[in-house]
Amino acid sequence: MNLYEDEINTLIAQMTPEEKVGQMTQVTIDLILKNPNALADLTEVDANKLNDTVHKYKVGSILNVAAGGAYSLNKWHEIIKQVQDSANKTRLQIPILYGIDSIHGANYIQNALLFPQAIGLAATFNPELAHDIGKIVAHQTRAAGIPWNFYPVVDVGRQKLWSRLWETFGEDVKLVTDMGRAYLEGMQGTNLTSQQSVAGCLKHYAGYGFPLSGRDRTPAVIDERMMLEYFLPPFEEGVKAGALSVMINSGEVNGIPGHANHHLLTEILKNTWNFQGFTVSDWEDIIRLYTRDKTADSPKEAVRQAVMAGVDMSMVPFDFSFFDLAVECADDGTIPMDRIDDAVRRILRVKFALGLFDGKSAWPDTNAAATFNNPSFDATNLQAAQESITLLKNDGVLPLPKTFSKILVTGPAADKLTVLNGGWSLVWQGDREDLYPKNWTNKTILKTLRTQFGEGKIDYINGTDFDKIIDVKAVIDAAATADYILVCLGEKPYTETFGNIADLTLFEAQLEFVEQLQANISKPIIVVLVEGRPRIIRRIADISSAIIMMYLPGMEGGSALVDVLFGDYNPSGLLPFTYPKYPHLLTTYDYKWSEVLVDNKIDPQYEFGHGLSYTTFEYKNLKLSSTEMQWNGDIQISIDVANVGKLSGSHTVLLYVSDYYRSITPPNKQLKGFKKVLLQPTKSETVTFSLDRNNLSFIGIDNKRISEAGLFGVKIGDKSANFTLLASNDPVP
């Protein structure tokens, strides 16, 4: 990315303070539209507003869609062309960097694929699949002429209440790190100037996903050691992988707002990690240092605090206040020009790296529509939905025979696309069922079943809404002629503060609905959960014959579920979080020993990594290459995995390591490796892992990463073995 330093220095030398601050300013598309509330297809750019934005305020970046939701590819081409044409008429002809939230697909482009949300993708434990999806998302996003995607989310989701848990890759550091890096590399590709690549954006740096109250954008309490151990590694790995941008935590950690945190933004990210890209604020978060966080006593002081902390670009986004105030700070010296130059240099690096200065790459490719969709993309989407589905319970009722007479489908999640997709789907909250194309409306759970088996065999009665029972008696009566009852439960679509809850327990109406069904009918009840976080289901877990976790599976969720229900796909998803049983026992799998000793206990509904199959896998012959690891050496671990059942299936082998004694209280275990294998019946495969001293390291008392000699254990399934790390406790290089 530093190949363009000479060009950048030449450009900066020509720029006025206003032109520099303009590059640091990002506004929403609303400011350049005739009517921001217009229907998507009727959206029009206002030439005068655009001229003011680009020429008067010299804005360097625009983002988002307006209230009408996702635009067609042609509409995007029209908008981006006008934006870049205007930028090309400025004195220095610096292209606009357009950014968008392509969160689970290019979700603001009509007819783009909508993949499983991150929490479901995490359940696949398949980084290669994440990489492939990242490539497709980049392809479809760049096809619109948009070269920058605010993704991936590499917050570690250890707070189950949080309304954005579903945007994370789960509660484990390694899983988040590996999935996040793979997705980022898929998006950015090997050639950033390619029309198949977009700039990624790691978010939300850092600690955003661990609010103490569970409510979005509320304070987190994370000490330095915990931050370094749990929350920073995925970001550091993303920086190593070449991430071009980083979005900042909208909340606060230890009383310091993310947008005023010099230690995290400058000392660690830019100095220690040598991050060469730029940081961007989250939505309106610089002015919130004044209006909400109260660390600044004026809007101008908020701008000064943020920029001096290390914020390079302000997502303002509804006005030009940042521009005016930052120019004032530049003029009076409260923000030194060398700090402004640093921010602008970082932004220009990304624009050059993306090829936006080459005279063509900033504009949309008018031929992109021809290759926008591809059957292989749909196959990848279906694969992701299939691999994500996690079978939590099965009393033997699944897979269902295709010779059934009738299935009764009910529940609030049965016939809604918005529920399958969640937030960031066509519109921000994902709650506009009317915006889905007519040719997609047959993809709900109910309609997918009816498409495959016919309406006569698939009965449907909507017995309950999400939070209000409608008609239990009608469902009970209809159950008399059904072989099975498929109850589709879950959450309405949401994101951010709109998804805040006070209780993780599933809605009372849904729990009571299942209880009344079970009390009045004798048919098997199969519960399907369509939810972005683990809503507590303790009351209905034991009375359900089977429980299937779908997470937020995207547009192919209905097809994937039908495949799983009837055994056309053998479920292989594993929980990427610990599923709690009680609202006040929200632990993680890597709990400390004090949580299970001295009269304490851990009692989840389902453990991290839990997921059933229609076949049976057995582990044999766990072997270590040595029972002693030299300080600078490694050990090899192997185990035989056999499919001893009657069906082929995929299985993810999870390698856990326990550090039995150390100077900082150790977790009971930590995930250090995972590998997925596909085995036919009677077949086996030897799976191998390698561990070195770095895999055994941790953040010590002085907040430095160290390893300590001692006894360690490895565990795979029901097999375990011990080894000793020999020698020193010097810091790991």
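The values are calculated or read from the model by the stated rules, or taken from the named source; none is laboratory data. Note that this is a predicted model, so its numbers are computed, not measured. Reconstructed Cβ throughout: ideal geometry from the backbone, glycine too, with neighbour counts over all protein chains shown. Remember, those area values only see protein heavy atoms, side chains included, never the ligands or the DNA or RNA. Shrake-Rupley method; radii C 1.70, N 1.55, O 1.52, S 1.80 Å.
A few remarks follow.
- Residues that are hydroxyl-bearing (Ser, Thr, Tyr), under 24 Å from Gly611 (Cβ atoms) and open to solvent by 50 Å² or more (accessible area, probe 1.4 Å), drawn from segment 653-706: Thr682, Ser684, Thr686, Thr688
- A single entry from Trp440, Trp424 fulfils the requirement of being in the same structural domain as Glu556 (by the TED database) and touching an Asp or Glu at 6+ places or on another chain (Cβ under 9 Å): Trp424.
- Tally of residues being open to solvent by 60 Å² or more (accessible area, probe 1.4 Å) and in a helix (DSSP H, G or I) across segment 37-80: 10
- Between Thr295, Thr334, Thr266, the distinction of being surrounded by fewer than 21 Cβ atoms within 10 Å (Cβ to Cβ), part of a helix (DSSP H, G or I), modelled with pLDDT of 95 or more and out of contact with any Ser or Thr (no Cβ under 8 Å at 6 or more places or on another chain) belongs to Thr266 only.
- Scanning segment 337-356 for residues that are buried (at least 20 other Cβ atoms within 10 Å of the Cβ) and either outside any helix (DSSP H, G or I) or not assigned by the TED database to the domain that holds Met24 (or both) yields Leu354, Leu356.
- Only a single item in (1) over 11 Å from Val311 (Cα atoms); (2) more than 23 Å from the chain's Cα centre (by Cα) is not met by Ile286, and it is number (1).
- Residues being open to solvent by less than 10 Å² (accessible area, probe 1.4 Å) and either of a type in the set (Lys, Arg) or not assigned by the TED database to the domain that holds Asp338 (or both) - total across segment 1-20: 0
- The residue pairs whose first member lies in segment 633-647 and is assigned by the TED database to the domain that holds Ser707, whose second member is charged (D, E, K, R) and part of a loop (DSSP other than H, G, I, E, B), and whose beta carbons are closer than 6 Å, counting only pairs six or more residues apart or on different chains, are Asn643/Lys683.
- Condition check for Gln23 on (1) open to solvent by 20 Å² or more (accessible area, probe 1.4 Å); (2) of a type in the set (S, T, N, Q); (3) under 30 Å from the mean Cα position of the chain (by Cα): one failure, at (1).
- Condition check for Arg164: open to solvent by 10 Å² or more (accessible area, probe 1.4 Å), under 14 Å from the mean Cα position of the chain (by Cα), in contact (Cβ under 8 Å) with a residue 24 or more places away in the chain and under 24 Å from Leu574 (Cα atoms): no
- Spans of helices (runs of 4 or more DSSP H) in segment 394-493 with at least 1 residues of a type outside the set (Asp, Glu) and under 28 Å from Tyr569 (Cα atoms): 417-421, 445-453
- Residues within segment 497-522 that are surrounded by fewer than 18 Cβ atoms within 10 Å (Cβ to Cβ), in contact (Cβ under 8 Å) with a residue 60 or more places away in the chain and not in a strand (DSSP E or B), tallied: 6
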